[in-house]
1. Here are some residues: Leu186, Leu209. Which one is within 14 Å of the chain's Cα centre (by Cα) and either at pLDDT 95 or above or more than 15 Å from ligand 1 (Cβ to nearest atom) (or both)?
2. Where in region 180-265 are the strands (runs of 3 or more DSSP E), entirely inside, with at least 1 residues that are surrounded by fewer than 22 Cβ atoms within 10 Å (Cβ to Cβ) and without any contact (Cβ under 8 Å) to a residue 24 or more places away in the chain?
3. Confirm whether Pro278 is modelled with pLDDT of 95 or more, more than 16 Å from ligand 1 (Cβ to nearest atom) and either within 21 Å of Val211 (Cβ to Cβ) or not assigned by TED's automatic domain parsing to the domain that holds Asn55 (or both).
4. Restricting to region 78-102, name every residue that is more than 13 Å from ligand 1 (Cβ to nearest atom) and of a type in the set (A, V, I, L, M).
5. Just to verify a result, which residue in region 76-111, among those that are crowded, with 18+ Cβ neighbours inside 10 Å and of a type in the set (Lys, Arg), is farthest from the chain's Cα centre (by Cα)?
6. Taking into account only those residues within region 44-75 that are within 16 Å of ligand 2 (Cβ to nearest atom) and free of Cβ contacts under 8 Å to residues at least 60 places away in the same chain, which is surrounded by the fewest Cβ atoms within 10 Å (Cβ to Cβ)?
7. I'm checking my understanding of the structure. Among residues of region 29-43 that are in a loop (DSSP other than H, G, I, E, B) and free of Cβ contacts under 8 Å to residues at least 40 places away in the same chain, which one is nearest to ligand 2 (Cβ to nearest atom)?
Amino acid sequence: MHRKSRYVAGGSAAADFSWRSEPDRRPSAPVGGMRKILELDGISKRFGALLAMENLSAHLNEGEALGVIGPNGSGKTTMFNIITGITRADSGRVFLEGTEITRLPAFERCRRGIARSFQIPHPFAGMTVFENLLVGAAFGDGKPERAAYDRCVEILRETGLFAKSNVRAGTLTLLDRKRLELARALATNPRVLLLDEIAGGLTEKECRLLVEEIGRIRERGVSIIWIEHVVHALLAVVDRLLVINFGRMIDDGDPHKIIASRAVKDIYMGQEDDTIQPA
Ligand code: ADP
Ligand code: MG
């Protein structure tokens, strides 16, 4: 980010971000009454000898909230990395609204409406909360200066971070870092929001607030994929659930039925935490 001035909520932004071109957004045909906003077709990914993803096909319908569960190391985050362009698949294709995006760089996918939170929050630690959001709104979404600024203020209010606007992100608590992950993604004005274990480490009350927030985002028409071990939080929001193990699809369907299924119990057997205990 090339800039000389420091942005402060309530102050004035000096840079011009209006260089960005409008993305090409082609509508896709409805499939079976539901429009697929995102689709993975036969994705495989190898890290050396490790096959992290094996011929995985999945989709997200427009307006849907899709949950993803699977043991640690099963390839969930790799799936997000492939959707967002951080990792390139060895084979298979990714589509956004019917347009192939497999080879697009990450920033271009963000411009087209895909945003994510990271499992381990890594904000721009030396920048303020507001500046972190501004990166999302100005560079991620390409909003001109004034619109980017307004969008950030709106998101700060919505995510409960307004009072911390001018705090350096590196000094935030875990809850606020998680909020910032979400806020930063929202600042890019996504149509597809990918959440990676955003409830982990939060108290019950914090978790409930997060679930409410995600519910509100969803009501505004944002399509969501949420990877989460805190299953009772997940079940409060999602319409459909995917189970992944060893980079392969194990199940896809009704969340409550899947959680109660033999396959899920077998996968998680031996785990001592409460990862698959629905409330
Ligand atoms: P999950 O999110 O389900 O816990 P990940 O997608 O992070 O799992 O990882 C799946 C597997 O791929 C793990 O064994 C992990 O160590 C490996 N892996 C992920 N990213 C890389 C990478 N960049 N280099 C090497 N191995 C990786
Ligand atoms: Mg992960």
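The values are calculated or read from the model by the stated rules, or taken from the named source; none is laboratory data. Treat the numbers as computed from the prediction; the structure is a model and nothing was measured. All Cβ positions, even for glycine, are placed from backbone atoms using ideal geometry, and neighbour counts span all protein chains on display.
1. Working: Leu209 fails: within 14 Å of the chain's Cα centre (by Cα).
On inspection, the qualifying residue turns out to be Leu186.
2. Once the strands (runs of 3 or more DSSP E) in region 180-265 are filtered for at least 1 residues that are surrounded by fewer than 22 Cβ atoms within 10 Å (Cβ to Cβ) and without any contact (Cβ under 8 Å) to a residue 24 or more places away in the chain, what remains is 248-253.
3. The answer is no for Pro278.
4. Val94, Leu96, Ile101
5. Arg111
6. Only one residue fits best here, namely Asn72.
7. Keep residues of region 29-43 that are in a loop (DSSP other than H, G, I, E, B), which gives 29-30, 32-33, 35.
If we keep only those that are free of Cβ contacts under 8 Å to residues at least 40 places away in the same chain as well, we get 30, 32-33.
Details: Pro30: 32, Gly32: 30, Gly33: 32 Å.
Of everything passing the filter in region 29-43, Gly32 is nearest to ligand 2 (Cβ to nearest atom).
The rows are residues; the columns are (1) over 22 Å from Val237 (Cα atoms); (2) within 9 Å of ligand 1 (Cβ to nearest atom).
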position: Arg35; (1), (2): no, no
position: Ser44; (1), (2): yes, no
position: Gly63; (1), (2): no, no
position: Lys76; (1), (2): no, yes
